[in-house]
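*Asks:* The structure that follows is given in the form of structure tokens.
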Amino acid sequence: MSMDRHNMRDVTESCRIRIDKDGRWYYQDAEIINPMVLEAFCNALEQDEDGRYRIVMNQELCYLEVEDTPFVVASLRGEPETGLHVLLNTCGIHELNPKTLSIGEGNVMYCTLENGMRVRFSRAAYYMLARMMEEDEQGNVTLSTRDGVFHIYP
């Protein structure tokens, strides 16, 4: 269901919500720790046509300041032979598609979820995945899974 976003009230100036690179949410510089509030905001989060993140609720929208990605991979589940899943900081679990893995600036690992959202790996999740990766004869980093061998590129 698509709502007309042009007729919504923009409350960005007063809501001042930001997400740091570790996936922690802040309202006016105070960390949001209430799980029900976080879940409501996560469910209302979307990207606009310019790639900016916003929360849309009750005919209002609030653009967020996002340091890197709004969601962070906190942990991994499964094995390469049987299938890997990422556990997000929001407790959501998603299948890991190894084709979407990439290495960003500062050797930060990213993947893309099935809905097109790019997510950043926490240091702990990165190290979990790194133990499963190998380097081939040409020095390329690879991940071998039940679906094949995947090169991980910057």
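The values are calculated or read from the model by the stated rules, or taken from the named source; none is laboratory data. This is a predicted model, so every value here is computed, not measured. For neighbour counting, all protein chains shown are included, and Cβ atoms are generated from backbone atoms with ideal geometry for every residue, glycine included.
*Asks:* Could you give every pair whose Cβ atoms fall below 8 Å, whose first residue belongs to region 117-141 and is in the same structural domain as SER102 (by TED's automatic domain parsing), and whose second residue is aromatic (Phe, Trp, Tyr) and in a loop (DSSP other than H, G, I, E, B), counting only separations of at least 6 or pairs across chains?
*Replies:* MET117/PHE71; VAL119/PHE71; ARG120/PHE71
*Asks:* Which pairs have Cβ atoms under 6 Å, sit 6 or more apart or on different chains, and link a residue in region 85-106 that is closer than 14 Å to MET117 by Cα to one that is in a loop (DSSP other than H, G, I, E, B) and aliphatic (A, V, I, L, M)?
*Replies:* Note: pairs meeting the criteria are VAL86/LEU96; HIS94/LEU113; LEU101/ILE152.
*Asks:* Separate question: Can we say LEU45 is touching a Pro at 6+ places or on another chain (Cβ under 8 Å) and farther than 24 Å from ALA125 by Cα? Walk me through it before giving the result.
*Replies:* Details: touching a Pro at 6+ places or on another chain (Cβ under 8 Å): yes; farther than 24 Å from ALA125 by Cα: no.
So LEU45 does not fit the description; no.
*Asks:* Same structure, new question: Among (1) polar (S, T, N, Q); (2) more than 24 Å from ASP147 (Cα to Cα); (3) surrounded by 13 or more Cβ atoms within 10 Å (Cβ to Cβ), which single condition is GLN28 missing?
*Replies:* Unmet condition: (3).
*Asks:* Check whether at least one residue in region 131-152 is under 12 Å from the mean Cα position of the chain (by Cα) and aromatic (Phe, Trp, Tyr), and report yes or no. Give the steps one after another, and end with the answer.
*Replies:* So in region 131-152, the residues under 12 Å from the mean Cα position of the chain (by Cα) come out as none.
Checked against the condition, which is being under 12 Å from the mean Cα position of the chain (by Cα) and aromatic (Phe, Trp, Tyr), region 131-152 yields no hits at all.
*Asks:* Of the residues in region 76-91, how many are under 12 Å from the mean Cα position of the chain (by Cα) and closer than 23 Å to ARG146 by Cα?
*Replies:* Step one: of region 76-91, the residues under 12 Å from the mean Cα position of the chain (by Cα) are 86-91.
Narrowing the set further to residues that are closer than 23 Å to ARG146 by Cα leaves 86-88.
So the answer is 3.
*Asks:* Please find, within region 79-94, the residue that is surrounded by the most Cβ atoms within 10 Å (Cβ to Cβ) out of those that are at pLDDT 95 or above and not aliphatic (A, V, I, L, M).
*Replies:* Only one residue tops the list, namely HIS94.
*Asks:* Could you tell me whether region 4-13 includes any residue that is loosely packed, with under 13 Cβ neighbours inside 10 Å, of a type outside the set (D, E, K, R), out of contact with any strand residue (DSSP E or B) (no Cβ under 8 Å at 6 or more places or on another chain) and at pLDDT 95 or above? Explain how you work it out, then say what you get.
*Replies:* First, the residues of region 4-13 that are loosely packed, with under 13 Cβ neighbours inside 10 Å: 4, 6-7, 9, 13.
Of the ones still in play, those that are also of a type outside the set (D, E, K, R) are 6-7.
Narrowing the set further to residues that are out of contact with any strand residue (DSSP E or B) (no Cβ under 8 Å at 6 or more places or on another chain) leaves 6-7.
Then keep just the ones that are at pLDDT 95 or above; that gives none.
No, that holds for no residue.
*Asks:* So, one more: Which number in (1) on the phi < 0 side of the Ramachandran plot; (2) outside the structural domain of ASN107 (by TED's automatic domain parsing) marks the one condition that GLU79 misses?
*Replies:* Condition (2) is where GLU79 drops out.
*Asks:* Do any strands (runs of 3 or more DSSP E) lying entirely in region 101-154 carry at least 3 residues that are surrounded by 10 or more Cβ atoms within 10 Å (Cβ to Cβ), and which ones are they? Steps first, answer last, please.
*Replies:* Details: elements: 109-112, 118-121, 133-135, 141-145, 148-151.
Answer list for region 101-154: 109-112, 118-121, 141-145, 148-151.
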